[in-house]
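A quick write-up on the structure given underneath.
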Amino acid sequence: MTETVNQLEVSALVKRFGDRTVVDDLAFAIGKGEFFTLLGPSGCGKSTTLMMIAGLESPDAGTIRLRGDDVTRLPPERRRIGVVFQNYALFPHMSIVDNVAFGLRMHGQGKRAARAAAEEMLDVVELTDLHRLPAQLSGGQMQRVALARALVTDPDLLLMDEPLSALDRRLRQTMQFELRRLQAKLGTTVLYVTHDQEEALVLSDRIAVMNGGRFEQVAPPAEVYTQPVSAFVAGFLGESNQLRVRLAEGEAPDGVVRLAPESVGGRTLLARRPVEAFDEGLLVVRPECMRIASGDAARAAGAEGLPATVDDVTFLGDHLRVGLLLEDGTAWTAQLPPGAAAPTVGSSVRVEWDVQDAAYLATAPQQARR
Amino acid sequence: MEQALQKTPAPRDAPSLDPQATVAIDLRFRRGRSRIWLLAVVPGTILLLLVIVAPMIYMARYGVVVGIDRWWMVLGQPPGSTILVRTVLVAVQVTLVCGLLGYLYAAALVAAGPRLRMLLFALVFVPFLTSVLVRTYAWMILLGKSGPLSALQNGLFDLGLIPTADGGLLYNRFAVLVGMVNMMLPLFVLPLYSVMSKLSPQLAPAARTMGANRVGAFFRITLPLSAPGAAAGATVVFTLSLGFLITPQLLGGTDDLMIAQYMLIRLHTFADLTSASLLAIGLILLVAVIVALFRVFYPIENLVVAGAGQQARRRGIRRSGAAGTSRPDRGRWWRILVRSLSDALAVLPWGVITKVLALVLGVFLAAPLLITIPVSFTNDGFLSFPPSSYSFRWYAEVLGDPGWITSLGESLKVAALATVLSLVVGLPIAFFIARAPVSQRVRSIVLVLSILPVLIPVIVLATGTYVWFLQIGAVGNVFALAAAHSTLGIPFMVVVVVSALRDFDRRTEMAARTLGASAPRTFLAITLPLLRPAILTGVLFAFLQSFDELFIALVLASPTAPTLPIKMWLATTENISPALAVVSNVFILFTLVVLGLLMVFSRTRKNLKKASR
Ligand SMILES: Nc1ncnc2c1ncn2[C@@H]1O[C@H](COP(=O)(O)OP(=O)(O)O)[C@@H](O)[C@H]1O
Ligand SMILES: [Mg+2]
């Protein structure tokens, strides 16, 4: 194996159920040691993709390569992968240690050696009292057993399907950090599935945002968050303020486009120029990039703005949340630092943002970008 | 994802192939896979053809070759016609009484606290598992001239319920009805309770907050919602009553025959295969009509498979309409009458009343299981109650009689064979129903076909197998008998395993595959162990079905090797000696052992379920 061989390479993967295409021409690659996350709403085809890679579902087209070898037609037991299922899928009739030793036994290890290795791995995930049955464990403990069971055979690739979704919020956060620690320690390559954007941002090296069986954007967390390539991505990760716009006449500086809002007449707004040009779409600005100025204040240099009415103001501890109504009734929110002066409800203000923080995005899904 | 495992091929070796070749492999593979699934239903199909279909066709042949006059002679004029009408009448009576008592009992079961519920459930479930022959024999003691209830005979005679005041309570219609209700009540209560226990306990109280009183809440909420369970129970009770033989034969009068008794006489006493076959066809058509009619209310096969409860609820809700809202009374006189009547009734302490009545019914259900114990220890040379003194005399007699011991051995042999066959045939069918990549329609057809034998009256099966096995020279063959018996065990096996498979979390199997286990190894290491409690439950039911079965054995077993029920049946028709109480206790002991094992298995099942949640 040379350094350049990817741990997982998927190309032109398609899966249909009846006449519904659930996974639509997916292609991506994961490098060794990478933590790669499929993020998308429920029903967008994440699990199906994972199951095809595991060999538990057969693709209608496309190839799957693990460390360079085509495994598309290989049964799951010969793929050298580990899977952590959503509900853990522990074997209820086996003790914890037997659960973990199972994979080693199947790979031909003797009973004693397998048990010893299993105990070692359970030590790594910090589990004791190894002869209990799964029914006697808490959710977090089952999670650890499932993880140990998947990792003990030293798989080339670890697949995880929403492994933390059954845990409560506190435990989920603890497990996220532990997962990260463990992955760094063992150098495992992980393909992770979740519909929780926060989880994806915390854990991943790269995130693939998935929608309707296709990728909308594949990029590191920061880029996905700050430079979404589509309205869907912007809407799915964090909050965003949106306004329907179309491309306007008139010259604009380099790297910037001039846009005309459809329902707020008589002015144009500048925004970052997208990679490909299109005639109409959405202007998208994050709430934390917004400022509020008094209605008659002069426009700051390099800033854009629109008149608005303050609808409500909420103090949320680490920030101040201001609900705004634009002239056409569109609801926006601005997020101000906790010390900022709270505008009066009902007053007319000007909401402002830097041109660099405004994105011009297509409403229809664009082709995935590497 | 559901079908992932069955789609997973046996090892495919060449990792990189051109697309054309890949498609070819896939197709070849797909064909191979469906062949494997076909294989799963082959043993069952063979068995069904051999033991059910062929006999039925062979029997039907009699119906076709004889002329219409013969049909008329057998079914159209006395005694055939009177017997037919009487049979339907008795079945209607039994069903109505069971319906009334069954609702009361089920309501008490639902309302009871955990301990009372356990008691009431045991009182209905243990008799359900116990041989009808044994329980009927016990009623012969209970109702007999020297039995504990003989003091009632004057009163019952005055009420006109029994024909004479000095012959004990036996050998009349009253005794038949008491006995049949006793046999059938569990069959009504169990399905009804299974539906009622799934209804939300908040429903009736909710209705009462909307102005319905207790009585109104029962009639407008509980009754319509539980109707599917009642329909299923009534179907079973009614169809079984139509073909009932043991109880009317042992408790009824000789001039008050039911159709199954008449068939047995034609078949066994006169070897009149034609009449017996015509009667059997008549009976089975009657049963088919009844089942079809009841299916309008509720498809009973739904009740035996998981998920039925939900559907039951949905249907019930549709039927009951806006059950919760009590309409304002418009002053119509009859409305006022009904309302005030139900208000008056609602004042009664219904909770206490149902519980007390249910306990009385429980005693009625348990009585036949309890009476044989003191009787078996009697020191008297004949049947009397209470015994004048006690001893082990009859135990010594039975154990010292090689006849009883050989019969026991014969029964065990047949039951063991039948159980093995039920397992071998039933298990693949259960997998087919739960997992084969076929349409829902095919699944239900296979399910209905595999539970078909329990819907056919046993006497019809007996007649059919007899005429057919006589033809192919299989009468007296222990394997033939076991095969026939296995068709009675398979339905239980299939139903229990299918419902376990529906609850099965297939991700455990997937996990095993990803951990390096091949498909067969996954089956052995994961699937089978997780199904073990369900399979063992099915095994026990199948065993009991064969061990208790009388009539198929009666016509098929070799006369030199009677099974225990045959020997007991023959002995009952001769004289009812206390030795039979001893034999009864053997049956009851078997039942209790089975029950104990069932409880252990159901506990493991629950644990496993909890773990894979
Ligand atoms: N075995 C199947 N048969 C038919 N449709 C399926 C099957 N498995 C999944 N689907 C459908 O495919 C879509 C994607 O499912 P899935 O991959 O589980 O989504 P996700 O994991 O992203 O929530 C869903 O709409 C689901 O209903
Ligand atoms: Mg999913």
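The values are calculated or read from the model by the stated rules, or taken from the named source; none is laboratory data. The shown structure was predicted, so the numbers you read here are calculated from the model rather than taken from an experiment. Cβ placement follows ideal geometry from the backbone for every residue including glycine, while neighbour counts extend to all protein chains displayed. With ligands, DNA and RNA removed, areas are computed over all heavy atoms of the protein, side chains included. Shrake-Rupley method; radii C 1.70, N 1.55, O 1.52, S 1.80 Å.
The residues listed here are A:9, A:77, A:34; of these, the one that is away from ligand 2 (no atom under 16 Å from the Cβ), open to solvent by 10 Å² or more (accessible area, probe 1.4 Å), under 23 Å from residue A:187 (Cα atoms) and in contact with a helix residue (DSSP H, G or I) (Cβ under 8 Å, 6 or more places away or on another chain) is A:77.
Looking at A:159, A:137, which one is within 16 Å of ligand 2 (Cβ to nearest atom), of a type in the set (A, V, I, L, M, F, W, C) and open to solvent by less than 40 Å² (accessible area, probe 1.4 Å)? On inspection, the qualifying residue turns out to be A:159.
Region B:84-190 holds helices (runs of 4 or more DSSP H) entirely within its bounds, and those carrying 3 or more residues that are over 27 Å from residue B:548 (Cα atoms) map to B:114-129, B:153-158. All conditions in (1) free of Cβ contacts under 8 Å to residues at least 24 places away in the same chain; (2) open to solvent by less than 20 Å² (accessible area, probe 1.4 Å); (3) basic (Lys, Arg) hold for residue A:20, with the sole exception of (2).
Residue-by-condition table, conditions (1) in contact (Cβ under 8 Å) with a residue 40 or more places away in the chain; (2) not in a helix (DSSP H, G or I):
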position	(1), (2)
B:498	yes, no
B:508	yes, no
B:523	no, no
B:529	no, no
B:540	yes, no
B:552	yes, no
B:576	yes, yes
B:581	yes, no
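Quick grid of which residues meet (1) aromatic (Phe, Trp, Tyr); (2) within 14 Å of another protein chain (Cβ to nearest Cβ); (3) closer than 23 Å to residue B:249 by Cβ; (4) in contact with a Ser or Thr (Cβ under 7 Å, 6 or more places away or on another chain):
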residue	(1), (2), (3), (4)
B:524	no, yes, no, no
B:532	no, yes, no, no
B:556	no, no, yes, yes
B:581	no, no, yes, yes
B:589	no, no, no, no
B:599	no, no, no, no
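Among all positions in region B:562-572, there is no residue which is more than 14 Å from chain A (Cβ to nearest Cβ) and farther than 30 Å from residue B:271 by Cβ.
Please work out if residue A:66 is open to solvent by less than 40 Å² (accessible area, probe 1.4 Å), within 25 Å of residue A:147 (Cβ to Cβ), more than 15 Å from ligand 1 (Cβ to nearest atom) and in contact with a strand residue (DSSP E or B) (Cβ under 7 Å, 6 or more places away or on another chain). Taking the combined requirement at face value, the residue satisfies it. Looking only at region A:40-50, which residues are surrounded by 24 or more Cβ atoms within 10 Å (Cβ to Cβ) and in contact with a helix residue (DSSP H, G or I) (Cβ under 8 Å, 6 or more places away or on another chain)? Result: A:40, single match.
Could we say that residue B:493 is within 14 Å of chain A (Cβ to nearest Cβ), part of a helix (DSSP H, G or I) and open to solvent by less than 10 Å² (accessible area, probe 1.4 Å) here? Taking the combined requirement at face value, the residue does not satisfy it. Condition first: more than 25 Å from the chain's Cα centre (by Cα), open to solvent by less than 60 Å² (accessible area, probe 1.4 Å) and more than 17 Å from residue B:252 (Cβ to Cβ). Now tell me which residues in region B:113-148 satisfy that. Those that are more than 25 Å from the chain's Cα centre (by Cα), open to solvent by less than 60 Å² (accessible area, probe 1.4 Å) and more than 17 Å from residue B:252 (Cβ to Cβ): B:113, B:146, B:148. Considering the conditions (1) of a type outside the set (A, V, I, L, M, F, W, C); (2) within 12 Å of ligand 1 (Cβ to nearest atom); (3) under 23 Å from the mean Cα position of the chain (by Cα); (4) in a strand (DSSP E or B), residue A:47 is excluded by exactly one of them, (4).
Taking each residue of region A:181-197 that is within 14 Å of another protein chain (Cβ to nearest Cβ) and looking for partners that are within 16 Å of ligand 2 (Cβ to nearest atom) and acidic (Asp, Glu) with beta-carbon atoms closer than 6 Å, six or more apart or interchain, yields A:193/A:161; A:193/A:162. For region A:50-63, residues that are more than 8 Å from ligand 1 (Cβ to nearest atom) and in a loop (DSSP other than H, G, I, E, B) total 5. Starting from residues that are within 12 Å of chain B (Cβ to nearest Cβ) and basic (Lys, Arg), keep the ones in region A:128-178 and report whichever is farthest from residue A:113 (Cα to Cα). If we take residues in region A:128-178 being within 12 Å of chain B (Cβ to nearest Cβ) and basic (Lys, Arg), then A:132 is farthest from residue A:113 (Cα to Cα).
Inspect region A:107-118 for any residue being modelled with pLDDT under 95, within 16 Å of ligand 1 (Cβ to nearest atom), out of contact with any helix residue (DSSP H, G or I) (no Cβ under 6 Å at 6 or more places or on another chain) and in the same structural domain as residue A:191 (by TED's automatic domain parsing) and give the result as yes or no. So far as region A:107-118 goes, no, none of its residues is modelled with pLDDT under 95, within 16 Å of ligand 1 (Cβ to nearest atom), out of contact with any helix residue (DSSP H, G or I) (no Cβ under 6 Å at 6 or more places or on another chain) and in the same structural domain as residue A:191 (by TED's automatic domain parsing).
Of all residues in region A:269-290, none are out of contact with any Lys or Arg (no Cβ under 9 Å at 6 or more places or on another chain), in a loop (DSSP other than H, G, I, E, B) and over 24 Å from residue A:223 (Cα atoms).
Applying a threshold of 6 Å to beta carbon distances and a minimum spacing of six or more residues, or different chains, the list of pairs starting in region A:154-179 at a residue that is farther than 13 Å from residue A:198 by Cα and modelled with pLDDT of 90 or more and ending at one that is away from ligand 2 (no atom under 16 Å from the Cβ) and in a loop (DSSP other than H, G, I, E, B) reads A:155/A:80; A:156/A:67; A:156/A:80; A:157/A:7; A:157/A:189; A:158/A:188. Scanning region B:370-396 for residues that are touching a Ser or Thr at 6+ places or on another chain (Cβ under 9 Å), in a helix (DSSP H, G or I) and not hydrophobic (A, V, I, L, M, F, W, C) yields B:372, B:376, B:393, B:395. Exactly one residue out of A:102, A:28, A:17 is away from ligand 1 (no atom under 16 Å from the Cβ) and either over 24 Å from residue B:512 (Cβ atoms) or out of contact with any strand residue (DSSP E or B) (no Cβ under 7 Å at 6 or more places or on another chain) (or both): that is A:102. Cβ-Cβ distances below 6 Å connect the following pairs, each with a first residue in region A:44-55 that is in contact (Cβ under 8 Å) with a residue 12 or more places away in the chain, a second residue that is in a helix (DSSP H, G or I) and buried (at least 22 other Cβ atoms within 10 Å of the Cβ), and a separation of six or more residues or different chains: A:54/A:76; A:54/B:514; A:55/A:76.
Let's see how each residue does on (1) without any contact (Cβ under 8 Å) to a residue 60 or more places away in the chain; (2) under 18 Å from residue B:528 (Cβ atoms); (3) touching a His at 6+ places or on another chain (Cβ under 6 Å); (4) open to solvent by 30 Å² or more (accessible area, probe 1.4 Å):
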site: A:92; (1), (2), (3), (4): yes, yes, no, no
site: A:97; (1), (2), (3), (4): yes, no, no, no
site: A:108; (1), (2), (3), (4): yes, no, no, yes
site: A:111; (1), (2), (3), (4): yes, no, no, yes
site: A:121; (1), (2), (3), (4): yes, no, no, no
site: A:125; (1), (2), (3), (4): yes, no, no, no
site: A:131; (1), (2), (3), (4): yes, no, no, yes
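So which residues in region A:1-14 are touching a strand residue (DSSP E or B) at 6+ places or on another chain (Cβ under 7 Å) and either within 15 Å of ligand 1 (Cβ to nearest atom) or more than 12 Å from chain B (Cβ to nearest Cβ) (or both), if there are any at all? Result: A:6, A:7, A:8, A:9, A:10, A:11, A:13, A:14.
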